[in-house]
């Protein structure tokens, strides 16, 4: 796929391996040719984050680092897509409390069963 600039560190590069600063025109042209309306490169970024978080296999800090978010707050916008991770964390607390003889029965506030 990147045969013309296989050694370049860039995702998008010209035939000499130089960085392409903007893909706006090419992206818009590709969308027009495919009859895709109201779609931007940012939509791809959002989809990437949503799929990673929804998989349950990638942590929010990992998504932050991959997408280059400067703070975890930006990445936390996707946290609602993985409520099972919150439940699993509460289950760990519940198990730890039970094994230590403390009260158990914690529940996720604002979750489906709240």
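All of the numbers you see were taken from the coordinates with simple rules; none came from a lab. Predicted, not measured: the structure shown is a model, and the values here were computed from it. Glycine gets a Cβ as well: all are built from the backbone with ideal geometry, and neighbour counts include every protein chain shown.
Quick notes on this structure:
- Extreme residue, surrounded by the most Cβ atoms within 10 Å (Cβ to Cβ), among residues of region 49-93 that are in a loop (DSSP other than H, G, I, E, B) and in contact (Cβ under 8 Å) with a residue 24 or more places away in the chain: 82
- Enumeration of residues in region 37-68 that are closer than 20 Å to residue 23 by Cβ and within 11 Å of the chain's Cα centre (by Cα): 44, 45, 46, 47, 48, 49, 66, 67, 68
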